[in-house]
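Here is the structure we will look at.
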Amino acid sequence: MSGENRLLIKGTIPQNDSISVSQGWNMIPVLSDQPVDVPQLTAQYPQIKAIKEVAGAKVFLRDNDIATLTELLPGKSYYLLADETFELNFGE
């Protein structure tokens, strides 16, 4: 575009805000309309061992006590390492 304009994208909001997470590495979307607090999320789900930005340098590494990633942003995806299969619910 060469000037100011609007782009309207229509879609539907997912009714289910849960994701099945497998043991090992997963790529997950953030199914929330608000940022998700990483310390709160990882306290609620001890199965999460690591979270990394897909396109960035911020990480959460439980075993190394490194937490440069403090929130997950809606509309972005992240790599998540789990030590077992579980259901991740963003609405809790």
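Each of 84, 71, 4 has some number of other Cβ atoms within 10 Å of its Cβ, and from fewest to most they run 4, 84, 71. Straight-distance candidates among the aspartates and glutamates for linking to residue 58, with alpha-carbon spacing under 13 Å and chain neighbours fewer than 8 residues away dropped: 71. When the Gaussian network model of the chain links Cα atoms closer than 10 Å, the mean-square fluctuations of 48, 66, 19 top out at 66. Given labels modelled 7 Å from the Cα in the Cβ direction, how far is it in nm from residue 2 to residue 27? Once both label points are built, they end up 3.6 nm from each other. Each principal axis of the Cα cloud of the chain was evaluated for its coordinate range; sorted largest first, these ranges are 49, 30, 21 Å. Taken about its Cα centre, the chain carries a charge dipole of roughly 360 debye when the Cβ of each Lys and Arg holds +1 and the Cβ of each Asp and Glu holds -1.
The ranking of 36, 21 from fewest to most other beta carbons within 10 Å of each one's beta carbon is 36, 21. For a straight C-alpha distance cut-off of 19 angstrom, the lysines reachable from residue 10 (same-chain residues fewer than eight places away being disregarded) are 76.
No value in this document is a laboratory result; all are computed from the given coordinates. As the structure is a computational prediction, the values presented were derived from the model and not from experiment. So basically every Cβ, Gly included, is an ideal-geometry build from the backbone, and we count neighbours across all protein chains shown.
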